Amino acid sequence: MLILGVDPGKRTGLALYDTTDRRLVWSRNCTAREALAVLRSGDVRGGTGDRLSNWQHVAVERMAAQGRGSSDIIRAAEAAGEMYEAARTGLLAPSSRSWLFRLEVCQALHVGGKGKDGQIIDRLCEMHGGGRKEAKGTKAAPGPLYGCSADSWQALAVAVVAAQRKGAL
């Protein structure tokens, strides 16, 4: 099963995760507008140029209220809603979609404390081959998480937790 994880924000992370092979298939860090275009068109290209638009589930990280919200937080929440809706109405809409709060992602990955990005990355790498070096690999010998960077790490975490909840991992 292919699951597309989305981490909306000023910079949006997208990660397409294959639950069967337990590996990252594709990732991208982009603007919210570019992410919406991907969700609406399904235009995702792999390293060989093949179209990888047959995802069965889209999981979007949902914003949680935490005191006063800045305009960036409000814009991210609006973008998340647009992306969630685009996942339902896009040209290649998946069979299902879900919302996940960051706290839910951290709890499912057994990341304590405030769930900082570094902790989430370490946990994802541990789940996929040990340390960062083994999980990411190199261009010559890519690991299962090769190609993940910046905001797409959180999108990958959302996809992995969605896979766990669907019983696909």
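Extending 7 Å from Cα along the Cβ direction at Ser149 and again at Arg88 yields two label points whose distance is 3.5 nm.
Here the relative contact order of the chain, from alpha carbon pairs under 8 Å that lie six or more residues apart, stands at 32 percent.
Measuring r between the beta carbons of Ile74 and Thr138 and using R0 = 45 Å, the FRET efficiency lands at 0.65.
Only lysines eight or more places from Lys116 in sequence, or on another chain, were considered; those with a Cα closer than 25 Å are Lys10, Lys133, Lys136, Lys166. Here, the chain has an Rg and a Dmax of 14.9, 47 Å when only alpha carbons are counted.
Only the Cβ atoms of Lys and Arg (+1) and of Asp and Glu (-1) were treated as charged; on that basis the dipole of the chain about its Cα centre amounts to roughly 140 debye.
Taken together, the values in this text are just the output of simple stated rules run on the coordinates, not laboratory data. As the structure is a prediction and not an experimental result, all values here were calculated from the model. Counting neighbours? That spans all protein chains shown, and the Cβs are built from the backbone with ideal geometry, glycine included.
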